[in-house]
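Okay, so here's the structure we're looking at.
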Amino acid sequence: MKKTKMLKKNYEFRRVLSKGKYYSGKNIEAFIKDNNKNCNFLGLAISVKIGKAVRRNKLKRLLRESYKNMESNLKVGHSIVFLWKKKTNLDNATFQNINSDMNIIFEKSNMKIKESNL
């Protein structure tokens, strides 16, 4: 199974957040920027104000898993940072809600590969 490449350095996050395009769903926000590489990089930034560490880590696991399920259907060469909206309650953090938000964001950003019916 292919491992998701992650953004780790502060300057990588700052570059995507400052120069990337902004897309929003009901619960999550995304900043997407071209990286001129042959793979996508994922970054997750969950604020301390959202909740305690256990809830933040659960949210990050849900975001990572949802992204991993759609990663094969996305165009390559982008850096993506997902943020959880601060005003949104953590009770909305279900796999279905996150998955539908990611679908909406990737369709808005034109990152989805068109699936042909054979």
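The values are calculated or read from the model by the stated rules, or taken from the named source; none is laboratory data. Since the model is a prediction, treat every value here as computed from it, not as a measurement. In this analysis, Cβ positions are derived from the backbone assuming ideal geometry, glycine residues included, and neighbour counts consider all displayed protein chains. Note: areas computed on protein heavy atoms with side chains; ligands, DNA, RNA excluded. Shrake-Rupley method; radii C 1.70, N 1.55, O 1.52, S 1.80 Å.
What's the number of the only condition in (1) in contact (Cβ under 8 Å) with a residue 60 or more places away in the chain; (2) exposed (fewer than 13 other Cβ atoms within 10 Å of the Cβ) that Tyr67 fails to meet?
(2)
Output the residue which, of all residues in region 70-99 that are of a type in the set (Ser, Thr, Tyr) and over 12 Å from the mean Cα position of the chain (by Cα), is surrounded by the fewest Cβ atoms within 10 Å (Cβ to Cβ). Before the answer, list the steps.
Quick first cut of region 70-99, residues of a type in the set (Ser, Thr, Tyr) only: 72, 79, 88, 94.
Going one step further and asking which of them are over 12 Å from the mean Cα position of the chain (by Cα), we end up with 72, 88, 94.
Working: Ser72: 8, Thr88: 16, Thr94: 11.
The selected residue is Ser72.
Hey, any hits in region 57-65 for a residue that's in contact with a His (Cβ under 9 Å, 6 or more places away or on another chain) and under 15 Å from Thr4 (Cβ atoms)? Steps first, please.
Step one: list which residues in region 57-65 are in contact with a His (Cβ under 9 Å, 6 or more places away or on another chain), which gives none.
Looking for residues that are in contact with a His (Cβ under 9 Å, 6 or more places away or on another chain) and under 15 Å from Thr4 (Cβ atoms), one finds none in region 57-65, hence no.
Looking at Lys33, Lys26 in this structure, which one is at pLDDT 95 or above and open to solvent by 20 Å² or more (accessible area, probe 1.4 Å)? Steps first, answer last, please.
Details: Lys26 fails: at pLDDT 95 or above.
The match here is Lys33.
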